[in-house]
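Shown next, in C-alpha cells, is the structure this report addresses.
Derivation of every value follows stated rules applied to the coordinates shown; laboratory data play no part. A quick note: this is a predicted structure, and the numbers were derived from the prediction, not measured. Glycine also receives a Cβ, built like all others from the backbone with ideal geometry; neighbour counts cover every protein chain displayed.
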Amino acid sequence: MIDFKDEVKKIITSFDTGLSEEEIIGLIEIPPNSSMGDYAFPVFKLAKTYRKAPNMIAEELAAKDFDNDYIKKIINVGPYVNFFVDNSKLVESVLTEAIKDDFGSSHIGEGKNVVLDFSSTNIAKPFHIGHLRSTVIGNSIRNIMKYQGYNTTGVNYIGDYGTQFGMMISAYLKWGDKEKIDQNPIKELLNLYVKYNKIAKEDEDYMNEARDWFDKLEKKDPKAVELWSWFREISLKEFQRVYDLLGIKFDSFNGESFHSQFIGEALKAIDEKNLLEESEGAMVINLEDENLPLVLIKKSNGSSTYIARDIATAMYRKKTYDFDKNVYVVASQQKLHFEQLRAILKKMGFDWWNDCVHVSFGMISMKDGAMKTREGKVIFLEDVLNRAIDKTKSIIEERNPNLENKEEVAKQIGVGAVIFQDLFNNRIKDYVFDWDQVLNFEGETGPYTQYTYARSCSILDKGQFELRKENKFDLLNDDTEIDIVKHLDKFSETLLNATEKYEPSLLTRYTVELAKLFNKFYANCQINNVEDELKYQRLYLTYCVNKCIKLSLNLLGIEAPTRM
Ligand code: ARG
C-alpha cells in the first residue's frame, strides 16, 4: 500500500527545512476536516531558523514547486502547510489492499510469544458482571495480537487457592448440603462462604479452623483435596456456560493452585538475592527503595500468599512460553499488586520484569442498582447475557418476525451488544451499564454495526457481486465514497495503536465510524440501480466495507450475522 504520509515527508524534506526526517514524520498531523487537506504540517518549529511569522513561512513553503506522483496539491492554512493526496491513487492503493486476507495486519508479532492472563474467575464465587470486562477485553486483545502475527496463549488463571477455601471446606463440613449444592452450585457455595466469613470475623476459632483446613489442603490431605476438587469442578462447569455464550476459549486453565507447586522454587530464588526478611514469624519483602509498601510472601502459619503464587507463575510462564509479553488483564483495584509483582521480579534480577504488563480497566456499575458481592446483591453475567438475548428476541419479533434462524441471531446480537458496549470506551474509564443504550439499534452500538454489516451483505447478494481479476476504480469519486476509502486507509494504523496500547476501544470506535460512513454512502449513492461498471465499482467498495466490518467485529469477539 502506498504510504502517503511518507510521500508528504519526502516533499517537506525536499524543502530543506533543516528538520530531520524523523522530526518531520513526528510533526505531520491529520487535519480535523478533510476539505482542508489530508495531511498537515505545522511550521511553528521553523520560526526560529526562518525568522518569520509562522503564517508567512507556511505560505512560502506552500508556493514551492514539488514533484510527487501521489500528492496533487499543497496549500497553506494559517501556520500549516496542508497536503491533498491524489484521490485516484489513494482509492486504487487502498481498495487493492482491502480485499486481501491479511488487510491491516502489520505482522509485528511474527515469531513472538504472548501470554494473556484474562477472565481469571474465582472458584465458588459468582462469575459476575465485573468479570465481564477482563473476559472481553482480554479476548479481544488476544484476537488482535493473533491477527498481528503473535503466537498467543490465553490463560484463565483460576482463583482456586487461598484461605477462603479453608473457610469453604470448614463451612461445608458444618452446614453443607450436597443436593442443594448440586442444584445451584455457585449460589449455595457463596452462601456458605458468606455465612462462615461473617462468623469468623467475630470468632477466632472459626478463623483458625479455616486456616487449618487450608493448611491441610496445601499438605494434600485427602479429605481437603476431595472437597476442594469438587468445588472446583462444579464451578468451572458453571463458568463454561458463560464462556460458551461468549464464544471464548482458553488455552489453559492453570490457576493459582497449579502454580503453587512452584512456590518453593520461587522462594529459593528470592532468598538467593537476600530479599526475604522475617517479621513476626512471617516472610516479607521490603520494597521501600521502589517506593512501594511491604509485601507479605509467606504468612506466619506457613501459608502462601496471592503474590507469592504470582511470582511463581511469572517464572513458570517465562520458562514454559518464553514470552515476549506477559499480559495481565485485571481490574485497576489490583494496580498496587502488579506494581509490587514487577518490582520483586526486577529485584530478583529477571530482565524480563518489564515485559510483564498490567492492562487495567475501570469499574462497571448497573444503572438500576449496585453490585457488591458482600451485600449479596450480585449480578450474574449469565443473567445479563440471557436478558440481552431475550430482549433482542422481542425486538426481532417486532421488526422482522419472519427472520430465519431467529434464536441464533438473537444470541449473536444480544451477546454482541453487551461486548460492544464494554469495549466502546477507553478501558480505564468506569462505565455504567445501561440497557437502553446497549440494545439501541440507532446509536453507536453493536446492533447498529451488525445491522450495517447485514445490510451490506444483502446489497452484495442483490447485486450478485463477484470479484473480478482486473479492477478499475475510476468512477468512485463521490465524497462519501472517498471518505470510506480514507477511513479504510487508517485501518492498519488503528490496529497497530490498539495493539501497542492494549486498547480495543480504538477498534470499536473505528468500526462504528466505518458503519456510519457506509450508511452515508448508501443514503447518497445508488448501488444496484446504476450502469454496470459503476455498479460493479460501488459493489466492490461495499465488499471492502463488508469484509472490514466483519473482521473488526470478530477481532472484538463479536459475531456478524448476515441477516437480521
Ligand atoms: N482471580 C483474580 C480476581 O478475580 C484475578 C487474577 C488475575 N491474575 C493474576 N495473575 N493475578 O480478582
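FRET efficiency for LYS319 and ASP390, Cβ-Cβ distance as r, R0 = 56 Å, nearest 0.05? Working shown, then result.
Working: r = 47 Å, r/R0 = 0.83.
E(calc), rounded to 0.05, equals 0.75.
Once fully extended, how much extra length lies between GLN526 and ASN477, figured as 0.36 nm per residue of separation less the alpha-carbon to alpha-carbon distance? Could you put the intermediate results ahead of the total?
On the way: separation 49, 0.36 × 49 = 17.64 nm, distance 1.34 nm.
Working it through step by step, the gained length comes to 16.3 nm.
If each of MET1 and ASP65 carries a label point 7 Å out from its Cα toward its Cβ, how far apart are those two points in nm?
The answer from the label model is 3.4 nm.
What shape does segment 1-136 have by the C-alpha gyration tensor, where a ≥ b ≥ c are the square roots of the eigenvalues, rounded means a/c under 1.5, and otherwise prolate means a/b greater than b/c and oblate the rest? Intermediate results must be reported in sequence, preceding the final value.
Details: a/c = 2.86, a/b = 2.08, b/c = 1.38.
Prolate, since a/c reaches 1.5 and a/b exceeds b/c.
What's the FRET efficiency of LYS516 with GLU22 using the Cβ-Cβ distance as r and R₀ = 30 Å, to the nearest 0.05?
Details: r = 35 Å, r/R0 = 1.16.
Calculated transfer efficiency: 0.30.
So how tilted is helix 4-14 from the main axis of the chain? Cα-based, degrees 0 to 90, rounded to 10.
60 degrees
With the cut-off at 1.5 for a/c, could you classify the chain from its C-alpha gyration tensor as rounded, prolate or oblate?
Values: a/c = 2.80, a/b = 1.58, b/c = 1.77.
Oblate, because a/c is 1.5 or more while a/b does not exceed b/c.
Gain in length, VAL357 to SER88, computed as 0.36 nm per residue apart minus the alpha-carbon separation, to one decimal in nm?
Details: separation 269, 0.36 × 269 = 96.84 nm, distance 4.29 nm.
That pair, VAL357 and SER88, stretches by 92.5 nm at full extension.
Taking the Cα centre of segment 318-446 as the origin and placing charges on Cβ (Lys, Arg +1; Asp, Glu -1), which of ILE364, PHE350, GLY443 is farthest toward the positive end of the dipole?
Positive-most Cα among the choices belongs to PHE350.
Find which of LEU90, ILE71, TYR157 sits farthest along the positive direction of the dipole of segment 42-189, computed with +1 on the beta-carbon of Lys and Arg, -1 on that of Asp and Glu, about the Cα centre.
Comparing the listed Cα positions along the dipole, TYR157 ranks first.
Could you work out how far apart the two model spin labels at LEU292 and SER229 are, taking each label as a point 7 Å from the Cα in the direction of the beta carbon, and quote it in nm?
3.6 nm
Lysine pairs in segment 291-404 with alpha-carbon atoms under 19 Å apart, 8 or more places apart or on different chains: how many are there?
Total qualifying Lys-Lys pairs in segment 291-404 comes to 12.
Measure nothing fancy, just the Cα-based angle from helix 532-556's long axis to the longest principal axis of the chain, in degrees from 0 to 90, nearest 10.
It works out to around 20 degrees.
Among the lysines in segment 47-182, how many pairs, 8 or more places apart or on different chains, have alpha carbons under 24 Å apart?
15
Set the Förster radius R0 to 51 Å, insert the Cβ-Cβ distance between SER35 and ASP271 as r into 1/(1 + (r/R0)^6), and round the FRET efficiency to 0.05.
Values: r = 67 Å, r/R0 = 1.31.
Efficiency computed from Cβ-Cβ geometry: 0.15.
With +1 on each Lys and Arg Cβ and -1 on each Asp and Glu Cβ, how big is the dipole of the chain about its Cα centre, in debye rounded to the nearest 20?
740 debye
Using alpha carbons only, how many degrees (0 to 90, rounded to 10) separate the axis of helix 163-175 from the longest principal axis of the chain?
It is inclined by approximately 50 degrees.
On a full-extension model of 0.36 nm per residue, what is the gain between ALA282 and ASP383, subtracting their alpha-carbon distance, rounded to one decimal in nm? Present the calculation step by step, with values, prior to reporting the outcome.
Numbers: separation 101, 0.36 × 101 = 36.36 nm, distance 4.25 nm.
The ALA282-ASP383 span can extend by a further 32.1 nm.
Counting other beta carbons within 10 Å of each Cβ, put CYS525, CYS548 in order, fewest first.
Numbers: CYS525 16, CYS548 24.
Ranking CYS525, CYS548 by Cβ neighbours within 10 Å, fewest first, gives CYS525, CYS548.
Using the 10 angstrom Cβ neighbour count as an exposure proxy, how do TRP353, TRP228 rank, fewest first? Don't jump to the answer; show the numbers that get you there.
Working: TRP353 18, TRP228 24.
Going from least to most buried by this count: TRP353, TRP228.
Specify whether the C-alpha gyration tensor of segment 359-492 places it in the rounded, prolate or oblate class, a ≥ b ≥ c being the square roots of the eigenvalues: rounded for a/c under 1.5, otherwise prolate if a/b is larger than b/c and oblate if not. Don't jump to the answer; show the numbers that get you there.
Values: a/c = 3.19, a/b = 1.68, b/c = 1.89.
Here segment 359-492 falls in the oblate category.
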